[in-house]
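A.B. asks: Can you read through this structure? Questions will come right after.
The numbers here are math on the coordinates, done by the rules we state, and not lab data. None of the values given here were measured: they were computed from a predicted structure. Heads up, the Cβs are rebuilt from the backbone with ideal geometry, glycines too, and the neighbour counts pull from every protein chain shown.
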Amino acid sequence: MTIEPTDALIVVDVQNDFCPGGALPVPDGWRVASPINKIVIGFDHYFFTRDWHPFDHCSFSDEPEFIDGSWPEHCMEDSPGAEFLGDLHVPSEATVISKGMDPDKEAYSGFQDTDLADRLRARGVRRVFVCGLATDYCVKATALDALRLGFAVVIVKDACRAVDNPAGSGDAAFEELKNAGAAFCKSGDLVDE
Ligand code: VGL
Ligand code: ZN
């Protein structure tokens, strides 16, 4: 698979709180850093989204169920948990997209209330490769929005990890994305190894 100048990489929410030791750890979440570091510089355009919540965000619960709408406090703006994972290489030319900043609204997608679509179009991007955390929430929502907005979408499967609660929701998300028109690849398909 060849990366074209009209391709962009979207790295979704690879932040401390979504990795082991964080507030909302995605199983094996840290493992996405290595494949992402391997592929990022092959792209002419890369965007890194981050969950960036105010302290009173509506998804925060004192008794979290770890399902949609009921999460522990996580990725509070400017907190250590909201920082990108230390192992992740974020190139200095990367565009960082913050989302979930409205206390009253959940925002899983990197396109929701952001200028991501405009920025992609301004650069002539036609296809986006999507990866990161978590497969069954923010990766899925971001990729579905990209498809709706008219971008071709490729999911870099080994560079994604799921919350997977209930078990199987990560695979179900891949299935839903396939049915919506997404294609799939592995990080190794994008680099000479
Ligand atoms: C996410 C749960 C809550 C994600 C964000 O990045 O997938 N999941 N907030
Ligand atoms: Zn969140």
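A.B. asks: What is the distance in Å between the Cα centroid of the stretch 90-121 and that of the stretch 32-54?
C.D. replies: Using only Cα atoms to place each centre, the spacing works out to 13 Å.
A.B. asks: For the chain, give me the percentage of DSSP beta bridges that are antiparallel, rounded to the nearest 5 percent.
C.D. replies: If I count the DSSP bridges inside the chain, around 5 percent turn out antiparallel.
A.B. asks: Let me ask something else. With each label point set 7 Å from Cα along the Cα-Cβ vector, what nm distance links residue 44 and residue 89?
C.D. replies: Between residue 44 and residue 89, the simple spin-label model gives 2.1 nm.
A.B. asks: Is the shape of the stretch 111-193 rounded, prolate or oblate, going by the alpha carbon gyration tensor and its root eigenvalues a ≥ b ≥ c, with a/c under 1.5 for rounded and a/b larger than b/c for prolate?
C.D. replies: Verdict is oblate for the stretch 111-193.
A.B. asks: Further question: For residue 99, list the lysines whose Cα falls under 18 Å from its own Cα; do not include residues on the same chain fewer than 8 positions away.
C.D. replies: 140
A.B. asks: What aspartates and glutamates sit close enough to residue 157 to cross-link, taking a C-alpha to C-alpha distance under 13 Å and skipping anything fewer than 8 places away on the same chain?
C.D. replies: Leaving aside aspartates and glutamates fewer than 8 places away in the same chain, those within reach of residue 157 are 136, 171, 175, 189.
A.B. asks: Would you mind ranking 19, 131, 185 by Cβ crowding within 10 Å, fewest neighbours first?
C.D. replies: Ordered by Cβ neighbours within 10 Å, fewest first: 185, 19, 131.
A.B. asks: Rounded, prolate or oblate: which fits the stretch 7-189 when a ≥ b ≥ c are the square roots of the eigenvalues of the alpha-carbon gyration tensor, with rounded for a/c under 1.5 and prolate only if a/b beats b/c?
C.D. replies: Here the stretch 7-189 falls in the rounded category.
A.B. asks: Now for a separate question. Using Cβ counts within 10 Å as a stand-in for footprinting exposure, how do 155, 3 rank, fewest first?
C.D. replies: Listed from fewest to most nearby Cβ atoms, that is 3, 155.
A.B. asks: Calculate, in nm to one decimal, what residue 96 and residue 126 gain on full extension: separation in residues at 0.36 nm each, minus their alpha carbon distance.
C.D. replies: 8.9 nm
A.B. asks: Here's a follow-up. Please work out whether the stretch 80-146 counts as rounded, prolate or oblate from its C-alpha gyration tensor, where a ≥ b ≥ c are the square roots of the eigenvalues and a/c under 1.5 means rounded, while otherwise a/b larger than b/c means prolate and anything else oblate?
C.D. replies: Judged from the Cα gyration tensor, the stretch 80-146 comes out rounded (a/c under 1.5).
A.B. asks: Additional query: Rank these for me by crowding, 135, 95, going from fewest to most other beta carbons within 10 Å.
C.D. replies: 95, 135
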